[in-house]
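A short write-up of the structure that comes next.
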Amino acid sequence: MNDLVDFEALRQRVGIKWARAGADVLPGWIADMDLPVPDPVRAALQRAAAGDLGYPDWEDRPDRNPLQEAFAERMRDRYDFAIDPDDVYVFTELIQVLQIVLQLMTRPGDAVAVHTPAYPPFLQTLEVMGRRLVPIPMIAGEHGWTFDADRMAEDIRRNDCRALVLVNPNNPTGHMFDRDELSAIAEIACRHDLFVISDEIHSELTHGRRQHIPIATLGPEIAGRTLTLNSASKAFNLAGLRCCVAHVGDSRVRAALDAQPPLLYGQVSALSVLATCTAWRDGAAWLTETRQTLTGNRDLVAESLPPEIRFHRPDASYLAWLDCRALELEQDPAVFFLEHAKVRLLPGPDFGPGGAGFARLNFATFRPVLEEMLGRVHDAAQKHLNR
Ligand SMILES: Cc1ncc(COP(=O)(O)O)c(C=O)c1O
């Protein structure tokens, strides 16, 4: 990921991150990495593209997609989480799963709890589907992010919530919920009979030795009301292929899904299944190297920003949630840095309550790009402070 970087080649990319960056602008916005596709995945896709693009051999039985077995194996190997492959459903994207579950299991006006700030498409989903957002504020402590479990329980009770959307590791804060936090969340979910949609898409990009804990591993009661969502799209940088899996631990949700016509929600492509299975089977070396690179990048962000931009190093993934309030800008920080630093960030207000005054930076890029990006942000901030 280092040394010589061809900025022009990056600008020629068709992926949205660079294609929509704008002339002279460096993209630190959408959550794609600039890394090349892992070699084993590239080789598998090339072999298929060379003349093996017929119907896959599971086409007539969507319930026998090889990803079901592959995901069960991955959950067993990584987390000692024993799941039945028959309870794994394959979809094109996590947002689709959220929308399907909300459509099948809740009604307009029902309340859904989400830690905020939150991944913007989830907030937009609640809005377009007419479900009520019950925000659970993330709280910045001295050493990282947390939340108030008593307040969460009270807000869920008062609003008669039907579901909880848990994003763990969290986007945008990068917080990994620990066992105590997850136990408190599980207890609340069981007490208030919530469906739990646990988005664990960032779980394989941990920094250091911290282990991700799928909430469904905490016991049979929480497992029986949780959907565990994951994919290879973040960890192996394959988002354009559109593919994800959901382990549906809740038999009520399984029954609702099984009652639908089998192809109602479409079918993922053979190439996306091939890429995901290959990444999970043969991508360990790539993942180890990538995690090290990202940890180095994360630490560079921490060392390079002026003290007036505060952030907690994320426990996982490659997103830095920058608290720019001490800069006392007159504009939204993302607007300010686009204008004055030519760096594109995601605006904090898009992440809902708690987002004003913040911006999200994606640091999954090559060292020279990151250095240039951080230098520009630093200089623009300093100029503003010295005004
Ligand atoms: C928390 C979270 N969930 C879901 C997604 C989207 O996943 P998909 O690749 O399935 O669209 C993202 C992408 O950034 C994300 O950060």
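Every read-out reported here was derived from the displayed coordinates using simple, explicitly stated rules and does not represent laboratory data. None of these values were measured; they are calculated from a predicted model. For neighbour counting, all protein chains shown are included, and Cβ atoms are generated from backbone atoms with ideal geometry for every residue, glycine included.
Note on region 62-282: dipole from Cβ charges, positive end direction compared against A216, C161, P121; the farthest Cα belongs to P121. In region 9-162, taking the dipole from charged Cβ atoms about the Cα centre, the farthest positive-side position among G51, A82, G109 is held by G109.
Cα gyration tensor of the chain, axes a ≥ b ≥ c as square roots of the eigenvalues: rounded (a/c below 1.5), prolate (a/b > b/c) or oblate? It is oblate, given that a/c is not under 1.5 and a/b is not larger than b/c. About its Cα centre, the chain has a charge dipole of approximately 440 debye under the convention of +1 per Lys or Arg Cβ and -1 per Asp or Glu Cβ, with nothing else charged. In percent, rounded to a whole number, the relative contact order of region 62-282 is 23, using alpha-carbon pairs under 8 Å and six or more apart. Magnitude of the charge dipole for region 68-168, about its Cα centre and with charges confined to Cβ atoms of Lys, Arg (+1) and Asp, Glu (-1), is about 420 debye. Between Q382 and H143, residue separation times 0.36 nm minus the direct Cα-Cα distance comes to 83.5 nm.
Does region 156-269 come out rounded, prolate or oblate by the C-alpha gyration tensor, with a ≥ b ≥ c the root eigenvalues, rounded set by a/c under 1.5 and, if not, prolate when a/b is larger than b/c and oblate if not? Here region 156-269 falls in the oblate category.
Placing unit charges on the Cβ atoms only, positive for Lys and Arg and negative for Asp and Glu, gives region 62-282 a dipole magnitude near 380 debye about its Cα centre. Ranking of M152, M105 by neighbouring Cβ atoms within 10 Å, starting from the fewest: M105, M152.
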